[in-house]
Amino acid sequence: MSAAPAGWWRRHGASVALACVTLAVGLTLGLTAPTTSPVDVPWPAPSGAAPATHRGP
Amino acid sequence: MSTRHGPGDAARLKVLILLGALVAAWPVRASAVPGGGIDGAVLVAHLSGMLAGYGSVVLVALMSRWPVIEQAVGVDELARWHARGGRLVMALIATHACAAVVVWAGLRGLDAGSATTEVLRMPGVAAAVVAVGLLVLVAVTSARRARRRIRYETWHGIHLLTYVAIAAAFVHQLAGPDLAGRRVVQVGWSLLYAGAFALVVRHRVLKPVHAAVRHRMRVASVVTEAAGTVSITVHGRRLDELDAQPGQYFRWRFLTPHTWRRAHPFSLSAPPQHDTLRLTVAARGDTTRALQAISPGVRVVADGPYGILTERRRTRRDVVLIAGGIGIAPMRALFETLHIPSGGDVLLLYRTTDASRALLADELDRLADRAGARLHYLTQPGGGELTAPSLLRRVPDLVRRDVFVCGPPVMTRTLMTDLTRAGLPRAQLHAEGYQTVH
């Protein structure tokens, strides 16, 4: 490896590693998050209309 | 580390924060009632929850000590944003909790007590309750009256629980109805939180550790400047890599049995050299008294540089520097290095209780003579008045100059307001109040 890339990695290697870890953690958390909410409930429909599924608080 | 950030970055930062707030406001869509219209209570519950989550992550990022933010906004302004933002997030959380119970009670036809019990039993809500409990503890101990009664170390330890609270609240948010099942939003939200926490790890943990290892700083000498004030010269390796500028400060941790637990902010009181930095410390409490007698050879960890009082902020040919108390330290460093162009003028106004007790006076007099700059001592009472009218009498062209201010927080804030009202453009006013270190 030439001197310039070695210098670049010495200065920015930790930042790149941290960015990779951040990306991995963010993706893992997002992709393993719950797919349904505990508060998915039938929403009371306006009078006369058929009940529709909606999300609560 | 680059420190070339200016007021334009602050504007861009505000735009980014507002754009993010709009993203967090997307539950408006989820609150639409089938058949048209929006349910007000549902909207309040969703919106306050999402904005509280977004506000939390913004607060984490703002306090991460990321140089881009610190340089663009300034530490004083950041502290104000942090205090206001913290109160706003707490209000949003309270609103979210109340609105959620009201909506649930309406949906189920329950009274408030039964609805609260059902809501608390929902998955993810236990984490939210833990988060709220911790945040209330942090808020209570951060109130001014409580802060005066507890030791800094205790307060700081409790304040660190904020990170635990925000992580717990994040678990609740991922399970909430605005995010659950929406994979793209969940990944984006998770990346936002991971990014903010990475900034904290990078700038509050890894950077100081790296600096300690790379620069290996030690106290080189201690010189008494006046009764109860010393200048400490710190020697280290490759200090030019820090890119410190005259007028900036570091958070210093002196590794002695009495002082290692806490890092203190002290400005550089002389321009940085490639292997030395100098700070000036006035005895104001236990720690600063201990530093009066610190021995050469003691290891030092310095985190920084921070601060906006640098020549890079300069926009005008002529400059006025205004210092109060120990605020003279960064002004003295700046006074030595500010470039004076042909026909230009640099004036240092130093407010002190008594000219004979002015700190670093010999150096200041020498520097003024050498550079052809002007130095006025404003001694109290009488000449110590620092208001826009009194300054305009001394410096009639004040509003056409850059003005740098460093002094006690009250003096600095008052002067900033006064000078702005007197017509000094905000871009020409560069001010930082120093924190009193005990």
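The values are calculated or read from the model by the stated rules, or taken from the named source; none is laboratory data. Since we're looking at a predicted model, the values are computed, not measured. We place every Cβ from the backbone using ideal geometry, glycine too, and count neighbours over all the protein chains shown. All accessible areas refer to the heavy atoms of the entire protein, side chains included, with ligands and DNA or RNA removed. Shrake-Rupley method; radii C 1.70, N 1.55, O 1.52, S 1.80 Å.
Observations, loosely collected:
- Selection within region B:84-117 - closer than 18 Å to B:Ala41 by Cβ, surrounded by 17 or more Cβ atoms within 10 Å (Cβ to Cβ) and more than 10 Å from every other protein chain (Cβ to nearest Cβ): B:Leu92, B:Ile93, B:Thr95, B:Thr116
- Qualifying residue in region B:192-212 (condition: in a strand (DSSP E or B), touching a residue at least 40 places away in the same chain (Cβ under 8 Å) and surrounded by 20 or more Cβ atoms within 10 Å (Cβ to Cβ)): no
- Filtered residue count, region B:180-198, keeping only those that are of a type in the set (A, V, I, L, M) and facing another protein chain (nearest Cβ under 7 Å): 5
- Checking B:Ala227 against (1) within 14 Å of another protein chain (Cβ to nearest Cβ); (2) free of Cβ contacts under 8 Å to residues at least 12 places away in the same chain; (3) hydrophobic (A, V, I, L, M, F, W, C), the condition it does not meet: (1)
- Positions within region B:236-269 being more than 21 Å from B:Val75 (Cα to Cα) and open to solvent by less than 30 Å² (accessible area, probe 1.4 Å), in sequence order: B:Gly236, B:Leu239, B:Phe254, B:Thr256, B:Thr259
- Within region B:213-222, the residues that satisfy the criterion of being touching a Gly at 6+ places or on another chain (Cβ under 7 Å) and either facing chain A (nearest Cβ under 9 Å) or open to solvent by 20 Å² or more (accessible area, probe 1.4 Å) (or both) are B:Arg216, B:Arg218.
- Enumeration of residues in region A:16-36 that are of a type in the set (Gly, Ala, Ser) and more than 7 Å from chain B (Cβ to nearest Cβ): A:Ala17, A:Ala19, A:Ala24
- In region B:157-191, the residues that are open to solvent by 30 Å² or more (accessible area, probe 1.4 Å) and farther than 20 Å from B:Leu59 by Cα: B:Gly181, B:Arg182, B:Arg183, B:Val184, B:Val185
- Which listed residue is of a type outside the set (A, V, I, L, M), out of contact with any Phe, Trp or Tyr (no Cβ under 6 Å at 6 or more places or on another chain) and at pLDDT below 90, from B:Arg253, B:Arg284, B:Arg299, B:Arg278: B:Arg284
- Looking across region B:149-191, the residues that are part of a helix (DSSP H, G or I) and among the charged types (D, E, K, R) come down to B:Arg149, B:Glu153, B:Arg183.
- Helices (runs of 4 or more DSSP H) wholly inside region B:67-148 containing at least 2 residues that are closer than 24 Å to B:Leu18 by Cα: B:67-73, B:75-108
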